[in-house]
DNA sequence: ACACCGCATTGACCCATGTCAAATTTTCGC
DNA sequence: GCGAAAATTTGACATGGGTCAATGCGGTGT
């Protein structure tokens with residue numbers, strides 16, 4: 001029993017700085033512990049939630065890697081994001097009390113289930129959490145605007161360069177290498193996210209590889225010249 | 001003085017059902033009145049806020065029409081949305097305490113200035129407002145995902161059809177015609193929003209016009225066959 | 001150890017949309 | 001009102017990325 005409560009406590013979680021507000025006092029931290037009701041394991045390929053299901057909770061990713069995607073009425077699928085440990089998913093469900101996209105695990109994963117009623121209740125008496133929730137939602141809005149910029153204005157190479165840089169930057173913030181990645185998603189999923197076909201993704205990887213900017217072997221990618229990627233994405237930077 | 005306080009009161013605003021939670025008691029309504037600090041007029045072409053400016057307030061549009069846009073490091077501009085009366089803008093500033101996009105009036109406009117500190121304070125003691133704020137942010141996230149789907153998967157005709165349908169639907173909710181619109185934005189701005197060039201926007205308008213689906217004369221558009229537009233956007237619907 | 005199957009790569013060709021250019025209409029400052 | 005500037009339309013042509021098809025690679029289960 002003690003071990004159980006120990007296990008689901010944010011106060012003891014090594015991802016706390018990623019999910020939760022920073023610089024909390026011990027008492028504040030304790031309040032946060034009641035946010036998380038349970039944990040839930042999601043195995044590779046399984047959905048954490050699906051579009052249309054009723055919305056009850058937000059989820060903090062503890063381990064694993066997810067994609068979120070929406071589909072058009074005629075079945076075309078758009079990946080709207082890739083999420084990793086420490087990120088919060090489920091925000092799309094708040095407006096209509098039903099989820100508006102699918103969240104699928106790209107590798108075996110575990111999430112902290114935070115009933116949204118808890119989140120709202122605790123944020124009312126706890127301004128630091130309230131502000132944090134607002135920031136998380138706003139951050140998602142800003143991220144989405146960045147994706148629109150990619151999709152609306154950038155060419156294939158720029159999209160893929162931006163994608164790789166973003167990915168390693170986030171992995172690096174979690175203690176992984178800033179130059180090597182094992183992609184958890186297929187070429188088709190990358191393409192869907194970036195608004196291009198899987199063949200184009202593959203070709204663009206090959207092109208970067210021929211130019212010596214990266215080294216690719218299937219899912220494994222090594223970034224040899226990060227500055228070259230930055231320059232593709234933003235010709236002015238790092239010139 | 002009385003007239004002043006009368007003027008900025010949500011409780012007397014005819015747009016209340018659009019901006020604010022519905023079904024409030026008179027006392028609740030009165031609480032809401034302290035949300036809005038002042039009004040601000042923005043004339044056509046002027047920015048309500050710009051990327052990089054410090055964030056202090058959300059804005060409820062009272063009259064007029066806005067676009068929001070982000071730019072890439074090398075200056076390419078992406079319109080991320082068009083906003084009309086009753087809609088809330090400024091959410092992008094919450095994450096970093098700085099605005100992350102520009103909001104520009106496409107016609108003379110007036111907004112209600114809601115200092116975000118007020119919003120947070122009042123929503124702490126007022127769960128209905130708290131929920132409402134969360135829903136507004138979530139709605140924006142869902143809208144953005146829909147735009148990603150448009151940009152990532154749809155062809156020019158589908159994008160423009162979806163754009164027109166969305167626009168008249170929102171105007172209709174505000175009491176305007178569901179078949180006639182005067183566009184407040186240029187072909188270039190529509191194109192930027194939809195990820196296509198202004199020439200393509202113009203050509204697609206002309207194509208719809210030749211097919212008898214709409215009638216276009218510069219900024220004035222009349223929708224003759226809304227079902228045809230729906231079918232373009234979603235081949236299954238309304239067949 | 002082998003065979004299968006999903007994923008990735010590569011090539012050849014094509015098309016939707018971008019690019020460039022010119023003519024026309026509308027808007028707006030003076 | 002007039003003239004300049006901006007917005008729109010339309011045409012001719014170019015091209016990035018899509019489509020279709022064949023091959024290669026590697027992980028998985030038996």
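The values are calculated or read from the model by the stated rules, or taken from the named source; none is laboratory data. A quick note: this is a predicted structure, and the numbers were derived from the prediction, not measured. All Cβ positions, even for glycine, are placed from backbone atoms using ideal geometry, and neighbour counts span all protein chains on display.
Worth a mention:
- Of A:48, A:91, all but one fail to be modelled with pLDDT of 95 or more, within 13 Å of chain B (Cβ to nearest Cβ) and crowded, with 20+ Cβ neighbours inside 10 Å; the exception is A:91.
- Considering only residues in segment B:168-179 that are at pLDDT 95 or above and more than 16 Å from residue B:63 (Cα to Cα), the one that is surrounded by the most Cβ atoms within 10 Å (Cβ to Cβ) turns out to be B:168.
- Of the strands (runs of 3 or more DSSP E) lying entirely inside segment B:66-127, those carrying at least 3 residues that are under 18 Å from the mean Cα position of the chain (by Cα) and closer than 29 Å to residue A:126 by Cβ are B:109-115.
- Of everything in segment B:204-213 that is surrounded by fewer than 14 Cβ atoms within 10 Å (Cβ to Cβ) and assigned to a helix (DSSP H, G or I), the residue that is farthest from DNA strand C (Cβ to nearest atom) is B:210.
- Here is the figure for segment B:140-175: residues that are away from DNA strand C (no atom under 11 Å from the Cβ), in a loop (DSSP other than H, G, I, E, B) and touching a helix residue (DSSP H, G or I) at 6+ places or on another chain (Cβ under 8 Å) total 1.
- Applying the criterion of being within 11 Å of DNA strand D (Cβ to nearest atom) and outside any loop (DSSP other than H, G, I, E, B) to the residues of segment B:214-239, the residue that is surrounded by the most Cβ atoms within 10 Å (Cβ to Cβ) is B:214.
- Qualifying residue in segment A:195-213 (condition: under 19 Å from the mean Cα position of the chain (by Cα) and within 15 Å of DNA strand D (Cβ to nearest atom)): yes
Matching residues to (1) touching a helix residue (DSSP H, G or I) at 6+ places or on another chain (Cβ under 7 Å); (2) more than 10 Å from every other protein chain (Cβ to nearest Cβ); (3) at pLDDT 95 or above:
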| site | (1), (2), (3) |
| --- | --- |
| B:79 | yes, no, yes |
| B:83 | no, yes, yes |
| B:97 | no, no, yes |
| B:105 | no, yes, yes |
| B:115 | no, yes, yes |
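- Some residue of segment A:158-165 being within 14 Å of chain B (Cβ to nearest Cβ), surrounded by 15 or more Cβ atoms within 10 Å (Cβ to Cβ) and more than 16 Å from DNA strand D (Cβ to nearest atom): yes
- Candidate set: segment A:183-200, residues that are more than 8 Å from DNA strand C (Cβ to nearest atom) and assigned to a loop (DSSP other than H, G, I, E, B); chosen: the one surrounded by the most Cβ atoms within 10 Å (Cβ to Cβ): A:195
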